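A.B. asks: Okay, here's the structure, questions in a sec.
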Amino acid sequence: MTRRRQGDGTRGTLEHLTGTVRELTARGGAGAAGTDGARGDSARGGGLDGWRVADWHAALLDVPLDERAYADRFRVSREREIELLWDWWTARDAAVVTPRTAGFLGYYLLTLVAMHCSDRMRFHDDAPWELAVAGRPAAQVSGALVADPDVRRALAALHDPGDQRAGAGRSDARRAGGTSRAAAEWAALDLTSLRFHRHGTTSIILTGRVAKPSQGRTATFALKCVIHPYLTIPAIVDATRGYQAVHGQLDTDQPSPAVPVWASHDSWILMDLVRGRTLGEYLAHRAAGQPAPPAREINRPVDTPALRDLGSALLSALADLERHKGRHDDLTPSNIIVQDEQPGQVRLRFVDLGVNHLHARSITGQGQGEGVFAAPEVRRDGVGHPLADLYSLGALLIAIAGLPHNPDGTVPDQFYVVSVGLARLLEDLTDADPRRRLLVTPVDPARPRFEQIGRVFADEVAILEQDGRERPRTTLQRLRDLSPGAGTVARQRRKLQVRTGQVRDATSAAHLRQARRLQRWAWLFAVLIWSATALVITWWSRDLGLSWQAKWFEMADEVFGRSGAGLVLLDDVRAADYPIPDPWGNLPVRLVTLTFALVCARLYLNVFAELSTVWALPRDRRHRLRAVTAEAGLRSLAVLPPLYVVLPTLVERDWWPLFTFVGHVTFAVVVQACLWFAWATNARARAAGLSSVPRGEIATLGRLAAWQPTVAVYLVPIIGIGTLLSLGLVQDVLVYASFVSLINLGIFYPKSAGTDAPYIRAGMNRAALAAERLEHLQRRGV
């Protein structure tokens, strides 16, 4: 809106106002800042006492929308202006300005504080509860201003729906429809009860009581007042005026999660007051009570209880909103009110439905903070979309889980580590292309979406609760995590029991079959590797002259009709030059096979046991070959390593250098097959425009790729020294065996099978789910 000049029917200008403020705060002379009407004016308050409401409207509408524009225009920062005006206002002299003028000046200060907060939220992503001005919380300053009776009277005058100037720039014909209802509701309010509630991006929210209830459902109300300078933007005025007509819920028999709206006018929205904290405040408070995040971001735990309670409540509220034929289009933490109804139960209510003016680019700002919750199509087009709430739901579930959002919009790696099912659902909600949302999740489009999504979500959270890896780790749990199996088989059993009771459709049945298949392989490997390890320990004890009653050996001898001293059946396969006992001669094979067995046990159970590349087999032969090859490689690691341990232990002790080489070559081939599948799948996903795959280098897969040169470097001495040993050119076998064992326990066990494990699971699971999405994409032709 252009600034008004003297002689156009009003005396109110922002220059006049700021010049007078400078005089009152003793920062300049009567003509400072180019005042239009202050020069020579000897009246109290620099002539402001004579201003009409229209003059104040004109000045307030002209306040610059951002900090830089304010500083450029008045040669002083807005923050400094607030500090000086606050100091004057709190110690003002009644002999200088009348109470009426003091009230309007207080409202002007309230406007500057609100604009400062708006700037901080729009351009710096500051949280509303963290904002400060004049050396104190901004909410405290605004609260003191609104509590002043004179300021409340000024506010009431400036937002009176009978005043034709509150929303300057709109036609009276368009305004007439909602004026009568707005006026009736306004007249019923006890404006002396107004109190400050919180700051919004373009508004301040007040609370109060109803003096004469008209159509309001509660005795208390919330009044969202648009900050005056934003009333120069037609889109904001139109959206505010029409809010009740679009989102009002007064005539429904069943309550909606959307907070009931009583009335709306050009500059305000009147609604029920819903007690509670915003979801943003709730999550910030919850995070403050959590332990410090781990050093490695990928090990940050997923907040399962929050997903169970808040996530379920969010889906329930969205299902209710859908039943009311409504949608939100700006589903962000600041627009969700959390009500604690009883311990463990919460209810969520929605406010500020409709596209955010920041996302619609009606106002400027970065929009990075809560902008991550807005669907890409809303940010791009500035209008609502039927599938926008799906995207916001996925982004909100990530925040509820206590994880930071990825800048590129992909699902955080932590979900791929602990829950493939949740990662799949989140990918299906947050796809940048709305046509590809719910691509994989079994949702019938003819039935309400959010109710179906809620059941899928509840199933996956129930599975996650059985996992346990996402919880903060105690010292005892961290020590247990160092064990070879780390509880993998027991964890799979618990999850399988839960999954069995969740089968409702073909998709969940397929997931159950996959879970059973992976568990059977894990059981098979566990039996084989621990049997092999027990064999190594038994043979070692024989070397040391220790013995115990091994009933299963005796039974085997009896079954096969063997008799004699020792473990006859197994000793029959031992080479003639392989003596037992021979403590020093057999020590190399015992060290290498035992450490190799421990590494393989941890590697398979901690890294590969829950990985699969065949969630949905591609129809294309080349892509199918990659997936099947990688899957065969993964499952081969459940059978071959135990064999590599058993053969040199039972048959020929001098074979251990050979099987050490074969074991590492097998490992390298499987890793290459996995990378072959993952790299090709990610390339296809990028070409297809899938937003679930990062566009640049994927760090988690980089960890897997880094294993190849490590194995290659390790194979050089294995081949060289092993050859020399076989030729009899090197005699110090024990030193070489000790070197191999130390590498196994010092590098492969703690790093490859330990700290690298979550990265590998994340990278491979992301690629496997990308392959699944690509297959569904081809079937649908989207």
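FYI, it's all coordinate maths here, none of it is from the lab. Since we're looking at a predicted model, the values are computed, not measured. No Cβ is skipped: glycine too gets one built from the backbone with ideal geometry, and neighbour counts run over all protein chains shown.
A.B. asks: Let me check I've understood the local charge: for I760, count other residues with C-beta under 15 angstrom from its C-beta, Lys and Arg +1, Asp and Glu -1. What total comes out? Write down the numbers at each step before the final one.
C.D. replies: Details: positive: R296, R469, R602, R703, K751, R761, R766; negative: D413, E610, D756.
That works out to +4.
A.B. asks: Let me ask another. What are the ³J(HN,Hα) values, in whole Hz, obtained from phi via the Karplus relation 6.51 cos²θ - 1.76 cosθ + 1.60 with θ = phi - 60°, for each residue of segment 650-657 in sequence order, with x given for Gly and Pro?
C.D. replies: For segment 650-657, the Karplus curve yields 8, 9, 9, 5, 7, 7, 4, x Hz.
A.B. asks: May I pose another question? Hey, what does the equivalent ellipsoid look like for segment 715-782, semi-axes from the Cα gyration tensor as sqrt of 5 times each eigenvalue, largest first, whole Å? Intermediate results must be reported in sequence, preceding the final value.
C.D. replies: On the way: eigenvalues 406, 52, 6 Å².
Semi-axes (√(5λ), whole Å): 45, 16, 5.
A.B. asks: Taking the alpha-carbon centroid of each part, what is the distance from segment 287-343 to segment 113-155 in angstrom?
C.D. replies: Using only Cα atoms to place each centre, the spacing works out to 27 Å.
A.B. asks: Let me ask you something else. Between beta-carbons, use under 12 Å as the cut-off and find the net charge around F373, counting Lys and Arg +1, Asp and Glu -1.
C.D. replies: On the way: positive: R379; negative: D329, D330, E370, D389.
Here the charged neighbours net out to -3.
A.B. asks: Could you list S541, S203, S508 so that the one with the fewest beta carbons within 10 Å of its beta carbon is first and the one with the most is last?
C.D. replies: Working: S541 14, S203 22, S508 17.
With the sparsest Cβ surroundings first, the list reads S541, S508, S203.
A.B. asks: Say R0 is 45 Å: what FRET efficiency, to the nearest 0.05, do I580 and A712 get from their beta-carbon distance?
C.D. replies: Values: r = 36 Å, r/R0 = 0.79.
The computed FRET efficiency comes out at 0.80.
A.B. asks: Quick one: if the Förster radius is 41 Å, what FRET efficiency do D381 and E697 give, using the C-beta to C-beta distance and rounding to 0.05? Display every interim value, and only then the final one.
C.D. replies: On the way: r = 31 Å, r/R0 = 0.76.
Taking R0 as 41 Å, the efficiency between D381 and E697 is 0.85.
A.B. asks: Computed FRET efficiency, Cβ-Cβ of A683 and A91, R0 60 Å: what is it to the nearest 0.05? All intermediate terms of the calculation are to be shown ahead of the outcome.
C.D. replies: Working: r = 68 Å, r/R0 = 1.14.
Rounded to the nearest 0.05, the efficiency is 0.30.
A.B. asks: Let me ask you something else. Grab the Cα-Cα distance for V651 and A71, subtract it from 0.36 nm times how many residues apart they are, and report the gain in nm with one decimal. Write out the running numbers ahead of the final one.
C.D. replies: Working: separation 580, 0.36 × 580 = 208.80 nm, distance 8.62 nm.
Extending this stretch completely gives an extra 200.2 nm.
A.B. asks: Nearest 10 degrees, 0 to 90: what angle lies between the long axis of helix 279-288 and the longest principal axis of the chain (Cα atoms)?
C.D. replies: 50
A.B. asks: Under the classification rounded if a/c is under 1.5, otherwise prolate if a/b is larger than b/c and oblate if not, where does segment 279-472 fall, given a ≥ b ≥ c as square roots of the Cα gyration tensor eigenvalues? Write out the running numbers ahead of the final one.
C.D. replies: Details: a/c = 1.38, a/b = 1.26, b/c = 1.10.
The shape class here is rounded.
A.B. asks: Distance in nm between label sites at F123 and W523, each 7 Å beyond Cα in the beta-carbon direction?
C.D. replies: In this crude label model, F123 to W523 measures out at 6.4 nm.
A.B. asks: Taking the convex hull of the Cα atoms, report for the chain its projected area averaged over all directions, in nm².
C.D. replies: Numbers: hull surface 170.1 nm².
For the chain, the mean projected area of the Cα convex hull comes to 42.5 nm².
A.B. asks: Further question: If neighbour count is taken as other Cβ atoms inside 10 Å, put H197, H776 in order from fewest to most. Write down the numbers at each step before the final one.
C.D. replies: Values: H197 19, H776 15.
Fewest to most other Cβ atoms nearby, the residues stand as H776, H197.
A.B. asks: A further question on this structure: P(r) for segment 601-688: what percent of alpha-carbon pairs falls in each 10 Å bin, starting at zero?
C.D. replies: With a bin width of 10 Å, the distribution comes to 16, 40, 26, 13, 4, 0.
A.B. asks: With everything on Cα atoms, drop me the angle between helix 149-158 and the longest principal axis of the chain, reported from 0 to 90° to the nearest 10.
C.D. replies: 90
A.B. asks: Give the angle, between 0 and 90 degrees and rounded to the nearest 10, that separates the Cα long axis of helix 14-24 from the longest principal axis of the Cα atoms of the chain.
C.D. replies: For helix 14-24, the angle is close to 90 degrees.
A.B. asks: While we're here: So how far apart, in nm, are the two label points at D408 and S531 if each is 7 Å from Cα heading toward Cβ?
C.D. replies: Using points 7 Å along Cα→Cβ, the separation is 4.5 nm.
A.B. asks: Right, here's the next one. Determine which aspartates and glutamates satisfy two conditions relative to K751: a Cα distance under 20 Å, and not lying fewer than 8 residues away in the same chain.
C.D. replies: By straight Cα distance, K751 reaches E297, D413, E470, D481, E610.
A.B. asks: Can you tell me how much longer the chain between S180 and T220 gets when fully stretched, taken as 0.36 nm per residue apart minus their C-alpha distance, in nm with one decimal? Present the calculation step by step, with values, prior to reporting the outcome.
C.D. replies: On the way: separation 40, 0.36 × 40 = 14.40 nm, distance 2.11 nm.
Going from the current span to full extension adds 12.3 nm.
A.B. asks: Note the full-extension length gain between V573 and L546 as 0.36 nm times their separation in residues minus their Cα-Cα distance, in nm to one decimal. Intermediate results must be reported in sequence, preceding the final value.
C.D. replies: Numbers: separation 27, 0.36 × 27 = 9.72 nm, distance 2.15 nm.
Once the chain is fully extended between V573 and L546, it gains 7.6 nm.
A.B. asks: Just report the Cα centroid separation between segment 688-745 and segment 407-452, whole Å.
C.D. replies: 37
A.B. asks: To make sure I understand, if each residue's beta carbon is the centre and we count other beta carbons within 10 Å, what order do W656, W679, W584, W86 fall in, fewest to most? Can you show the working numbers first?
C.D. replies: Numbers: W656 28, W679 15, W584 9, W86 22.
In increasing order of surrounding Cβ atoms, one gets W584, W679, W86, W656.
A.B. asks: Give me the distance in nm between label points sitting 7 Å out from Cα along the Cα-to-Cβ direction at Q140 and L742, one decimal.
C.D. replies: 6.2
A.B. asks: Tell me the relative contact order for segment 279-472 as a rounded percent, counting alpha carbon contacts under 8 Å between residues six or more apart. Could you put the intermediate results ahead of the total?
C.D. replies: Values: 268 pairs, mean separation 51.6, N = 194.
Answer for segment 279-472 is 27 percent.
A.B. asks: Now, a different point. So what's Rg/Rh here for segment 582-780, counting alpha carbon atoms and using the Kirkwood radius for Rh? Write out the running numbers ahead of the final one.
C.D. replies: Details: Rg = 19.1 Å, Rh = 18.1 Å.
A ratio of 1.06.
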